[in-house]
Amino acid sequence: MATRSDTAAENGSRFLISDLCKMLESYLDEEQVQDVYRAYLFGAEAHEGQHRLSGEPYIYHPIAAARILAELRLDHKTIVAAILHDVIEDTPTAKEQIVSGFGADVAELVDGVSKLTQIEFESPAEAQAENFRKMILAMVRDIRVILVKLADRLHNMRTLGVMRPEKRRRIARETLDIYAPIANRLGINAVRVELEDLGFAALYPLRYKVLEKAVHEARGHRKEVLNKIETAIKRRVQQEGLQGRILSREKHLYSLYRKIRDKTLSFEEVYDVYAFRIVVDEIDTCYRALGIMHNLFKPVPGKFKDYIAIPKANGYQSLHSILFGPYGVPIEVQIRTEDMDKIAESGVAAHWVYKSSEEKVDQMHAGAREWLRELLEMQTHAGDSLEFLENVKLDLFPDAVYVFTPAGEIMKLPHGATVIDFAYAVHTDVGDTCIAAKIDRQLVPLRTVLRNGQTVEIVTAAGAHPSPAWLSFVVSAKARSNIRHYQKNLKREEAIELGRRMLERAMGVFETSVDQVSGKRLRALLKDYHLKTEEDLLVDIGMGRRPSVLVAQALAPTDHGNASSDETAVQQPLVIKGSEGMVTRFSKCCRPIPGDPVVGVITGGRGMMIHTQTCRNIADDKYPAENCIDVQWEPGIDEEFPVEVSVIVEDRRGVLARVATVIGDADSNIENVGIEERDGLSNNLLFTLTVHNRQHLARVMRRVRSIPAVIKITRTKG
Ligand code: MN
């Protein structure tokens, strides 16, 4: 028999095999602990000379993994497998040696864990999907395989600091995407929480730090309230003669982060919840304790959940309720028995602790097996790993939709997310310049709602802008805030630009210019108007809230004050460039195009609308003359403008296609087409098409007119 000594015990603070054995002695037989020690000797020899990136002997890693499992009080075979978990993969030691040394069960476990690690992949998506599939298959054979794998991953996450940043991020993402959800599904809360926080810290170090600091500061502020509530609860529980532990608890950082991100709540809203757990001896006592709590503080209606009567899918049992606390703070209480509390922390792992003696634990283990069996069935039906992953993820995160980028990266989006949400999830710039999208290589409208497993490709164009219409269908906070932000900035910039030109033009009347205005005069005027900056003034003018002429009058030197005997004769027309968007808009009633004589109409607070001079809305004197501004087109505008055209054609087969082709050949795009039947002999085709200017339109119309079936073509207005 080997004696327990530590050949590598140069560092006192390190967790050693002797520490592990001491821990195991508290719940395993002497013989079983000896097996673990033998495994250690075997592993230490196999890994002899190997070091981890941190420089320490390799054997420390499997010992640390075994410790995690010992804390969950797993059986000795799992502990032995944990110590040997990297032996097949990293050393020449064959599976047969493990069979003869430690038995077939342990060898199977070690083999299962090795297989999970040994897979080579083509693309990242395939890698993740395949990894996931293997993991599920391994779990189906023996759940302990995944427990060892989780312990392995947890220790790797704890020691992630030594990796290169890029590798660190990849491992962190995989941990959050795959390992933490599996730990959650198996109810191993302690492992899940730590995996999530370590993954969060490695993937978003900055966000982690900010949140950590915020929590640290807030903790100080709430200490008093917390103590007060805790004392009140303790006193009442004692008065009622109840035996139990009362613990205050805090949400871990990743769950705070997720709540803030997904529900777009502020830190205060998420953090300012006081959470307590009451752990009692029996189920009956749970319900009594609940009654006492509801009597002490009023419950929030509709927030009580009985997970004792109806356990969660992962076996979790507890009573949950939310109460109105003192100062109006919400209090969250969880009430459960000691057994339930243990299961809530260790989930499926509790099966080995209680060695099937408890019915509940057995049921839970059976539940987990049932879930795995369903997954196995899914896997035989699924076409490939990706499809399988899609199904499993659906099961693990029912509120999310998973899609792929063309590079195979998996993107998680909220339920109901559209192509635009996806584009913004990829990058703000991608969202801002998105003009089209393909789902599984087919072009789709931008409002299309995404479904699990689709591959989404975004087409962007330099200089493209988000459309305000997107706000009516996007669901993610990121997309919404980016579109709003863009609109706001753009509108203001445009209004400043238009306001400057209008003011300059009005100053011309007084034979002066904005540059010649003294700073003192400008500041006095801003004060009069209760405005902060010159830009605010220009925005007001551009948006039509303040007539440019009045501002010019106030700014012009007094000796020019009355020079405007014949304003309109002196004013130069305002030049429009065609690229105006939100502050200067082109009227849909007459659809002006370059070459048309045009007029600008200032509408209070909404900027300027451009009409043709012949537009019915202008002729009717609908707008007061002082709101109408003389405008003219800048020469050489190259934008495209929509225009409406009516084409009367003989009712012949194929004539629409013919007309459409001719329009296209004349470098014009058809935006819309409608057909009005006239008398059975002819039809009226109503096109909205784009042209650069009047000459271009004339060329298009000439070409269309030359089609024999075309009877008449006219530009229509309104
Ligand atoms: Mn390992």
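Can you name the residue in region 73-105 that is more than 16 Å from the ligand (Cβ to nearest atom) and in a loop (DSSP other than H, G, I, E, B) and, of all such residues, is farthest from the chain's Cα centre (by Cα)?
GLY103
Quickly run through region 671-696 and pick out the residues that are in contact (Cβ under 8 Å) with a residue 40 or more places away in the chain and either closer than 19 Å to ALA657 by Cα or of a type in the set (Ser, Thr, Tyr) (or both).
LEU686, PHE687, THR688, LEU689, THR690
For (1) over 30 Å from ARG505 (Cβ atoms); (2) under 47 Å from the mean Cα position of the chain (by Cα), each residue gets a yes or a no:
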residue: ARG591; (1), (2): no, yes
residue: VAL598; (1), (2): no, yes
residue: ILE637; (1), (2): no, yes
residue: SER646; (1), (2): yes, yes
residue: VAL655; (1), (2): yes, no
residue: ILE663; (1), (2): yes, yes
residue: ASN669; (1), (2): yes, yes
residue: VAL673; (1), (2): yes, yes
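Quick check on this structure: which one of GLN334, GLN317 is touching a Ser or Thr at 6+ places or on another chain (Cβ under 6 Å) and among the polar types (S, T, N, Q)?
Numbers: GLN317 fails: touching a Ser or Thr at 6+ places or on another chain (Cβ under 6 Å).
When all the criteria are applied, what remains is GLN334.
So that you can scan it fast, the table gives a plain yes or no per residue for (1) in contact with a helix residue (DSSP H, G or I) (Cβ under 6 Å, 6 or more places away or on another chain); (2) at pLDDT 90 or above:
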| position | (1), (2) |
| --- | --- |
| GLY187 | yes, no |
| ARG192 | yes, yes |
| PRO205 | no, yes |
| LYS209 | no, yes |
| ALA232 | no, yes |
| THR285 | no, yes |
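Taking the residues in region 608-658 that are among the basic types (Lys, Arg) and in contact (Cβ under 8 Å) with a residue 40 or more places away in the chain as candidates, determine which candidate is nearest to ARG545 (Cα to Cα).
Within region 608-658, the match that is nearest to ARG545 (Cα to Cα) is ARG616.
Residues are listed down the side, and each one gets a yes or a no for (1) assigned to a helix (DSSP H, G or I); (2) within 16 Å of the ligand (Cβ to nearest atom); (3) of a type in the set (Asp, Glu):
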{"residue": "ALA151", "(1), (2), (3)": "yes, yes, no"}
{"residue": "ILE171", "(1), (2), (3)": "yes, yes, no"}
{"residue": "ASP177", "(1), (2), (3)": "yes, no, yes"}
{"residue": "GLY187", "(1), (2), (3)": "no, no, no"}
{"residue": "LEU198", "(1), (2), (3)": "yes, yes, no"}
{"residue": "ALA214", "(1), (2), (3)": "yes, no, no"}
{"residue": "GLY220", "(1), (2), (3)": "yes, no, no"}
{"residue": "LYS223", "(1), (2), (3)": "yes, no, no"}
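Residues checked against (1) part of a loop (DSSP other than H, G, I, E, B); (2) of a type in the set (A, V, I, L, M, F, W, C); (3) in contact with a strand residue (DSSP E or B) (Cβ under 9 Å, 6 or more places away or on another chain); (4) buried (at least 17 other Cβ atoms within 10 Å of the Cβ):
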residue: PRO301; (1), (2), (3), (4): yes, no, no, no
residue: ILE308; (1), (2), (3), (4): yes, yes, yes, yes
residue: PRO311; (1), (2), (3), (4): yes, no, no, yes
residue: GLY315; (1), (2), (3), (4): yes, no, no, yes
residue: HIS320; (1), (2), (3), (4): no, no, yes, no
residue: VAL333; (1), (2), (3), (4): no, yes, yes, yes
residue: ASP339; (1), (2), (3), (4): no, no, no, yes
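When the residues of region 43-68 are narrowed to those that are within 12 Å of the ligand (Cβ to nearest atom) and among the small types (Gly, Ala, Ser), which ends up farthest from ARG158 (Cα to Cα)?
The residue in question is GLY43.
What number of residues within region 498-513 satisfy the criterion of being surrounded by 16 or more Cβ atoms within 10 Å (Cβ to Cβ) and in a helix (DSSP H, G or I)?
So the count comes out to 11.
I'd like to verify a number: residues in region 484-496 that are without any contact (Cβ under 8 Å) to a residue 60 or more places away in the chain and surrounded by fewer than 17 Cβ atoms within 10 Å (Cβ to Cβ), how many?
Selection size over region 484-496: 5.
The values are calculated or read from the model by the stated rules, or taken from the named source; none is laboratory data. As the structure is a computational prediction, the values presented were derived from the model and not from experiment. All Cβ positions, even for glycine, are placed from backbone atoms using ideal geometry, and neighbour counts span all protein chains on display.
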